[in-house]
Amino acid sequence: MSKDIVQIFDTTLRDGEQVPGCKLDKNQKLVIAQRLDELGVDIIEAGFPISSPGDFASVSEIAKIVKNAIVCGLTRAVKKDIEVAAEALKSARIPRIHTGIGTSDSHIKHKFNSNRDAIIERAVRAVSYAKSFVEDVEFYAEDAGRTDNEFLARICEAVVKAGATVLNIPDTTGYCLPEEYGAKMKYLKENVAGIHKAVLSCHCHNDLGLATANSISGVINGARQIECTINGLGERAGNTALEEVVMILRQHPTLGLDTNINSKLLYDTSQMVSQKMGMMVQPNKAIVGANAFAHSSGIHQDGVIKNRETYEIIDPLDVGVNESSIVLTARSGRAALAYRAKKVGYELTKVQLDTVYQEFLKYADRKKEVVDGDIHEIVETSKINIESVS
Ligand code: KIV
Ligand code: ZN
C-alpha cells in the first residue's frame, strides 16, 4: 500500500531552544541543523531572526549549509519581523517564512486589545507581505487550540486566499484532547474554501502530556505536517517529540502514513541534542530513553530471551540502538542470569546455575544493579567448578 507522507517540521532550534537555561551557540546550532538535514526532516525552523543578532546570524548560517530541507524563520505579524526573516533566509535553497498572530478570544483581548476582524486584517497583511519575499509562507493561528472553529476557519480561509501554503494550528497551551484536536482539523478540512491549496500542520504542546496523541489525531484527520522537537524539548512541558510521532506512524502501517525520516539516526540524534543542550533524556523516555529497550523483571527477561517480540514492539536497531538490554536486579530470574553470565564467558549447567543464582540473589539485594564485573565475583564466590566459554 502506498503511504501518504507526513512532513516533519523540526523546531528544536526555535521552540525547543526556548527551554529555560538551554541556550545554544551558533556553532552548536549549525551542527544540530546539519544532523537534522541528514535525519531527513522536511523543514528546519532555524530560529526567530528578529529576536536577537545571534539568532539572525544562526538562521543566516543555517540557510547557507542546509542541503535538503526547507529552512524556516519565525516572525510575528509585524512588517519589520518579516523583512528581517527574509534577509536572514536569503541564502536558503528553499526559504519559508512562518508568520502569524494569536486568534483565541483571550489572545485577541489581552495581548492585542483588538477584535476578530482587525486580527484577520493583520494576518492577511502579514501573509501578503511575506509572500512578496518568498513563495512558501506558513501562517500560525496562535492558541488555535482554544480558538472557536468557526472563527479559525474564517481566518484560515482569508490567509489561504492571500497565498499561505501551510496552515499551522497550534495547541499553544497544550489544552486540547486528542478527539477535540482531530475534530478541529476535520472541521477546517471541510469548511475552509481553498483548503486544497494549503497543508494543515499540527503544533502541539505537552502541558497535559497529550502532544504526541494530539499530533497523531491531527494527521488521522487530514493534517500532513507535524511540528516537533528532538526529545520533545520546548516551552514549559515541551513540544511533540519527533522520535515518537515518526515511530508511531511506522509501527502502525494501517494508518497509511509515513515520514521521510531515517529512523536509524534517532537515538544518536537524541544523544547529540541532549549533550549540546545540557538536558538529560529521562531514562523512561519513549524510543530514545536509556530504559526504552531494557528489561529488568524476571518474567519479561525470560520472554525477551526466548523471543524479543514478547515484550518489544520496536526492533532497537530500527532506531539506532544496538541491542535490547537485560538488566540484572533482585527481580531477575535464572534465565537472565544465565544469559548475562554466558555473555561474560560462563556457560553454566542447570546445577551450577542454581548455586550461582542463590549467591546472585544475596548480592543483588545489596546492590541496585548487578553489572558484568559483579558476575565474575559472584561466580567465584559460588565456589563451583566452572569452565569459561571464552
Ligand atoms: O506554540 C505556538 O503557538 C508557537 C507559535 C509561535 C507557532 O510556537
Ligand atoms: Zn510552540
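The values are calculated or read from the model by the stated rules, or taken from the named source; none is laboratory data. All values reported here derive from a predicted model rather than from experimental measurement. For the accessible areas, the whole protein counts, side chains as well, though only heavy atoms, and no ligand, DNA or RNA atoms are used. Shrake-Rupley method; radii C 1.70, N 1.55, O 1.52, S 1.80 Å.
Bin by bin, in steps of 5 Å, what percent of the Cα pairs in the stretch 196-270 do you find, going until the bin that has the longest distance?
3, 17, 27, 24, 18, 9, 2, 0
Over the stretch 1-121, one equal point on each Cα, no solvent: what is log10 I(q)/I(0) by the Debye formula at q = 0.12, 0.17, 0.22 Å⁻¹?
-0.49, -0.85, -1.16
For the stretch 47-86, what does the convex hull of the Cα positions come to per residue, in cubic angstrom?
Per-residue hull volume (Cα only) is 55 Å³.
Round to the nearest 10 and give me the degree value, 0 to 90, for the angle of helix 79-88's Cα axis relative to the longest principal axis of the chain.
50
Nearest-5 percent of antiparallel DSSP beta bridges in the chain?
Roughly 5 percent of the DSSP beta bridges within the chain come out antiparallel.
Would you pull out the residues with amide H under 5 Å of Asp171's amide H, same chain only if 5 or more places away, H placed 1.01 Å from N?
Gly145, His203, Cys204, His205
For the chain, what's the radius of gyration and Dmax over Cα atoms, in angstrom?
25.3, 86
Across 10 Å bins from the origin, how do the percents of Cα pairs in the stretch 19-65 run, short distances first?
Cα pair-distance distribution for the stretch 19-65, in percent: 27, 57, 16.
So what is the 222 nm mean residue ellipticity for the chain from helices alone, if each DSSP H run of at least 4 adds -39500 (n - 2.57) and you divide by all residues, rounding to the nearest 500 deg cm²/dmol?
Result for the chain, helices only: -12500 deg cm²/dmol.
Using bins 5 angstrom wide from zero, how does P(r) for the stretch 202-331 break down, in % of all Cα pairs?
Spelled out bin by bin, the stretch 202-331 gives 2, 10, 18, 20, 19, 15, 10, 4, 1, 0 percent.
So what's the angle, to the nearest 10 degrees on a 0 to 90 scale, between helix 116-131 and the longest Cα principal axis of the chain?
Rounded to the nearest ten degrees, it is 80.
For each pair in Lys131/Lys161; Lys23/Lys276; Lys131/Lys189; Lys161/Lys197; Lys80/Lys111, compute the distance between the two Cα atoms and list the pairs where it is over 21 Å.
Lys131/Lys189
Hey, can you find the accessible area per residue of the chain for me, probe 1.4 Å, expressed in square angstrom?
45
Hey, if you drop one equal point scatterer on each alpha-carbon of the stretch 56-186 and run the Debye formula without solvent, what base-10 log of I(q)/I(0) do you get at q = 0.23 Å⁻¹?
Taking Cα atoms of the stretch 56-186 as identical point scatterers yields -1.26.
If the viscosity is 1.306 mPa s and the temperature 10 °C, what Stokes-Einstein diffusion coefficient in µm²/s follows for the stretch 46-117 when Rh is the Kirkwood radius over Cα pairs?
This corresponds to a translational diffusion coefficient of 123 µm²/s.
With axes computed from alpha carbons, what is the tilt in degrees of helix 266-277 against the longest principal axis of the chain, rounded to the nearest 10 within 0 to 90?
70
How large is the convex hull of the Cα atoms of the stretch 1-41 per residue, expressed in Å³ as a whole number?
Value for the stretch 1-41: 72 Å³ per residue.
Would you tell me the accessible area of Lys64, worked out with a 1.4 angstrom probe on the heavy atoms of the protein chains, in Å² to the nearest 10?
Around 120 Å² of this residue is reachable by solvent.
Can you send over the carbon and sulfur percentage of the accessible area for the stretch 294-388, probe radius 1.4 Å, protein chains only?
The computed percentage sits at 50.
Over all distinct Cα pairs, what is the inverse of the mean 1/r for the stretch 294-388, reported as the Kirkwood hydrodynamic radius in Å?
Every distinct Cα pair counted, the radius reaches 13.7 Å.
Calculate, axis by axis, the spread of Cα positions in the stretch 93-145 along the three principal axes, and write the results as whole Å, longest axis first.
38, 20, 12
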